[in-house]
Amino acid sequence: MKICVVGTGRVGGTLGQRWAQGGHQVSFGSRDPKAEKVHKLLAQCGPNARADDWRDAAAGSDVIVYAAPWPVAKSVLDTLGPLAGKVLVDCTNPLTADFTGLDLGYSTSAGERIAEWSPGARVVKAFNNVSSAIMGNPVFGEQRATMFYCGDDREAKSTVHSLAAELGFDPVDAGPLKIARYLEPFAMLYIQLAVKEGWGSHCAFHLLHR
């Protein structure tokens, strides 16, 4: 699968590296694709990864993973060109500048805003409620970290389900895209536990059922 990862930080870098190492063709979209940080990331990814500017990285990709910061989401998405028909995975949380709350909530979400800014794209919210450390290894003995996702397109969700499962997650379909209104505050609970309560970045949620 051809995957464009928009962003080369901890989230985008970790996801892109693992998918590239798993055999997917990964194109990182970066403001500065020739930066030393990007060069080091590509060296870790192996031969299945490359880097380009945002628009060129998105061209020809089957899946676009938005893993850049929330405040620049609209401006970056505007540079990607037409996204109609593409699977667009939103990994963001609309955090306030001091990381103590969310800029959006209750009646809308970052996922829904990104869908509005990307006409025709098949948006799926995912990879927003664990740390990049867990993205690197979501397996805890015989258990796997749960990865909730939501969206309005069944085929797009199936694609994201498969990509999450390949990383070792236990993917769970949480429903339509508007459920992002709950998944984003859920990420605040993770931040509270991991940072404020001292659990650290190697904790994760696991959904149990009988």
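The values are calculated or read from the model by the stated rules, or taken from the named source; none is laboratory data. Predicted, not measured: the structure shown is a model, and the values here were computed from it. Don't worry about glycine lacking a Cβ; one is built from the backbone with ideal geometry, like all the others, and counts go over all protein chains shown.
Brief remarks on what is shown
- Selection over segment 11-37 of residues that are surrounded by 14 or more Cβ atoms within 10 Å (Cβ to Cβ), at pLDDT 95 or above and outside any strand (DSSP E or B) gives a count of 12.
- Ala204 meets each of the listed conditions (1) in a loop (DSSP other than H, G, I, E, B); (2) surrounded by fewer than 18 Cβ atoms within 10 Å (Cβ to Cβ); (3) of a type outside the set (D, E, K, R) apart from (2).
- Looking across segment 137-152, the residues that are touching a residue at least 40 places away in the same chain (Cβ under 8 Å) and assigned to a loop (DSSP other than H, G, I, E, B) come down to Pro138, Ala145.
- Breaking point among (1) buried (at least 23 other Cβ atoms within 10 Å of the Cβ); (2) out of contact with any Asp or Glu (no Cβ under 8 Å at 6 or more places or on another chain), for Arg122: (2)
- Residues that are modelled with pLDDT of 95 or more and assigned to a loop (DSSP other than H, G, I, E, B), drawn from segment 86-106: Lys86, Cys91
- Lone qualifier among Ser75, Ser107 - being out of contact with any strand residue (DSSP E or B) (no Cβ under 6 Å at 6 or more places or on another chain), surrounded by fewer than 19 Cβ atoms within 10 Å (Cβ to Cβ) and farther than 20 Å from Arg122 by Cα: Ser107
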